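Readers should treat all values here as calculations from the given coordinates under stated rules, not as data from a laboratory. As the structure is a computational prediction, the values presented were derived from the model and not from experiment. Neighbour counts are summed over all protein chains in view; Cβ atoms, including those assigned to glycine, are modelled from backbone coordinates with ideal geometry.
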Amino acid sequence: MTEATIGGISRTAGHVPAQARLPDAAASEERFLTLLVAQMRNQNPLEPLDNAQLTSQMAQIATVSGLERLQATLKALAEGIAESQSVAAASLIGREVLVPGATIELAGAEARAGFELAAPADRVVVTIRDAAGRAVHRAELGAHEAGVHAIAWDGRDDDGVARAPGTYTLHVGASRAGREVEAVALAAAPVRALTREANGIALELSGLGRRRYADVRQIL
């Protein structure tokens, strides 16, 4: 089996529709009924089939049949969701997204990043550090609601001096009424390509490598 790339997404040739691979529940029922009729025809008149046993056998085949149908439906649904996810993810190529990460890349006049709060905060402080770990910029952002928030840095330090292009790190601290609020730093990066993996869609991000599609917190 060979692989082909369509629109940046790796697809496997020779794909067989889900319906063609589903268990044949109807055939199982037919085999069961055939055996049951044969058993009834050849039963000993002095020892007829027990009604309770017969009812139990019919309930078992109904349960098995129902489970097969349910499994087939869920599998088809999962494949449909995966296909829809592929189509949606394909539209991200060339777009910049926010994913968990502490890096902030300064390449021009502005660097973008973000943070995610687990709960509302009345104080949010972001600190940007250089490669040596020295703080070059600190900003009080005030109150923010829970959720994802995008930020932009003009590349200047606290003295107003433009910093050299490069990779910096972002630290986010948040609190509410003096108590710490969980905050996650988010890195911004453009999507270069998509890859279909066994557990879903993966994104190839510039400077950040491969990330899961589920890691995307916001599209910039």
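Please compute the net charge surrounding residue 130, taking Lys and Arg as +1 and Asp and Glu as -1 over other residues with Cβ under 11 Å from its Cβ. Don't skip to the answer; put the middle values down first.
On the way: positive: 129, 134, 163; negative: 157.
Net charge in that neighbourhood comes out at +2.
If you take the charge dipole of segment 96-219 about its Cα centre, with +1 on Lys and Arg Cβ and -1 on Asp and Glu Cβ, which of 200, 171, 109 is farthest toward its positive end?
In segment 96-219, that residue is 200.
Just want the ordering: 124, 136, from fewest to most Cβ atoms lying within 10 Å of their own Cβ. It would help to have the intermediate numbers written out before the result.
Values: 124 22, 136 18.
So the ranking, lowest neighbour count to highest, is 136, 124.
Estimate the FRET efficiency between residue 198 and residue 119 by the formula 1/(1 + (r/R0)^6), using the beta-carbon distance for r and 41 Å for R0, to the nearest 0.05. It would help to have the intermediate numbers written out before the result.
Details: r = 35 Å, r/R0 = 0.85.
FRET efficiency, residue 198 to residue 119: 0.75.
Fully extended, how many nm does the chain gain between residue 34 and residue 152 (0.36 nm per residue separation, minus their Cα-Cα distance)? Can you show the working numbers first?
Values: separation 118, 0.36 × 118 = 42.48 nm, distance 7.18 nm.
Separation in residues times 0.36 nm, less the Cα-Cα distance, equals 35.3 nm.
What's the center-to-center distance, using Cα atoms, between segment 171-187 and segment 101-136 in Å?
12
Rounded, prolate or oblate: which fits segment 96-219, taking a ≥ b ≥ c as square roots of the Cα gyration tensor eigenvalues, rounded meaning a/c under 1.5, else prolate when a/b beats b/c?
Judged from the Cα gyration tensor, segment 96-219 comes out oblate (a/c at least 1.5, b/c at or above a/b).
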